[in-house]
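Down below is the structure, laid out as structure tokens.
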Amino acid sequence: MKIDLRSDTVTRPDQGMLDAMMSAKVGDDVFGEDETVKQLEHKLAAMFHMEAGLFCPSGTMTNQIAIKCFTSPMDEVICDQTAHVYRYERGGIAYHSMASVRLLNAERGILTPELIEPEINEENIHYPHSSLVVLENTVNKGGGACYRLAQIEPIHTLCNIKGLKLHLDGARIFNALTATGEQASAYGRYFDGISVCLSKGLGAPVGSVLLGSKETIKKATGIRKAFGGGMRQAGFLAAAGIYALDHNITKLAADHRHARALGDALSGVNYVASVLPVETNIVVFEVAEGVKPAHLVQLFAEKGIACNATGPKTVRMVTHLNISSEMIDRAIENIIHLQVSAHK
Ligand SMILES: *Cc1c(COP(=O)(O)O)cnc(C)c1O
């Protein structure tokens, strides 16, 4: 039994999802003729109380399209230094949008108006024009930390007053909603753009949807074409997304329980110095003095547990749809009994 905790992207479609895909009604989506893609876009837009949606191959593409929609060359984007849009999208902000980035250093990547406000440039010919703030929910590098709406609202107010757009990288937004008990429908009013991934915790093989106003999505559709992201009979993939929304959101709570159990086990072993509080499906921990993350990952691999070293001192485990309670029990057995020798 291989227990793959590297990422929630490793899930395989189950039979129900495959059946939904194979029976999808499709057409040429670049011609606007794929009913299933339209259905997915409308469904998600309605869930978040946004006007429209755009189905794209990846969350990197939905984020980068949004940034291009909301900035002009020479503008500046404000985000946390851990942000996926900055760190893990291959420098796409500079490449696609010719914008600079102002990085903040927030606790677990959760931004506040107090952190953002001093970093908004006043109008001055020397300064880049601050035009966009990007939040991430949940924060991947923050160990799956999530925002409450009460934290988002004052950021929205600040952006409104200062004339900045607000984008949400919601790759794991349904994990955040599951953890906080808040409603997707409450999100629409705060954001100009929301990117939702179907291929993470929701278990679809491919796809993300960008949500926004009709005007934003019209502009985004043109940018998607220029990025090479216009797909033809994409309804086969969109059907997996619809299936995921209908069947897999309620399963996220189990992933969170599993992650907490892993976190508790890791808190009690001598080769771990500390575990970030587990709020959702991501467990990030710091290894003890003298322990090398890569070495620890290797030892886990020998026990059939795959995870990732994510920094000079950190290791990450992510739970998902294809991880059962039995697998978690087995992983915990191994975590508790693993012998790790410190070597300098
Ligand atoms: C995975 C992820 C994305 C999108 O990644 P793709 O692999 O391009 O779909 C965006 N933001 C965050 C925080 C992510 O974890």
Self-check item: Projected area, mean over directions - the chain, Cα convex hull, nm²
Solution: 17.7 nm²
Practice problem: Provide the net charge surrounding G16, with neighbours chosen by a C-beta distance below 14 Å and charges set as Lys +1, Arg +1, Asp -1, Glu -1. | Solution: -1
Self-check item: Crossing angle, helix 235-247 versus the chain [Cα axis fit, 0-90 degrees, rounded to tens]
Solution: 60 degrees
Quiz item: Here are some pairs, K68/K200; K38/K162; K68/K313; K162/K225; K200/K225; K38/K219; which of them have Cα atoms lying more than 26 Å apart in this structure?
Solution: K38/K162; K68/K313; K162/K225
Self-check item: Sum of side-chain charges, G212 neighbourhood, beta-carbon under 13 Å (Lys, Arg +1; Asp, Glu -1)
Solution: +3
Quiz item: If you average 1/r over all unlike Cα pairs in the stretch 1-49 and invert the result, what Kirkwood radius do you get in angstrom?
Solution: 13.4 Å
Quiz item: Which of the peptides 329-335, 157-163, 198-204, 216-222 is most tightly packed, and how do the rest follow, going by the mean number of other Cβ atoms within 10 Å of each residue?
Solution: 198-204, 216-222, 329-335, 157-163
Quiz prompt | Two-decimal Rg to Rh for the stretch 111-268 - Kirkwood Rh, Cα set | solution = 1.01
Self-check item: Inverse mean reciprocal Cα-Cα distance (Kirkwood Rh) of the stretch 205-295, Å
Solution: 17.1 Å
Quiz item: How much of the accessible area of the chain, probe 1.4 Å, is carbon plus sulfur, in whole percent?
Solution: 52 percent
Quiz item: Local charge sum around N160 (other residues, Cβ-Cβ under 13 Å, Lys/Arg +1, Asp/Glu -1)?
Solution: 0
Practice problem: Would you calculate a helix-derived [θ] at 222 nm for the chain, using -39,500 (n - 2.57) for each DSSP H run of n ≥ 4 and dividing by the full residue count, to the nearest 500? | Solution: -11000 deg cm²/dmol
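The values are calculated or read from the model by the stated rules, or taken from the named source; none is laboratory data. As the structure is a computational prediction, the values presented were derived from the model and not from experiment. Counting neighbours? That spans all protein chains shown, and the Cβs are built from the backbone with ideal geometry, glycine included. All accessible areas refer to the heavy atoms of the entire protein, side chains included, with ligands and DNA or RNA removed. Shrake-Rupley method; radii C 1.70, N 1.55, O 1.52, S 1.80 Å.
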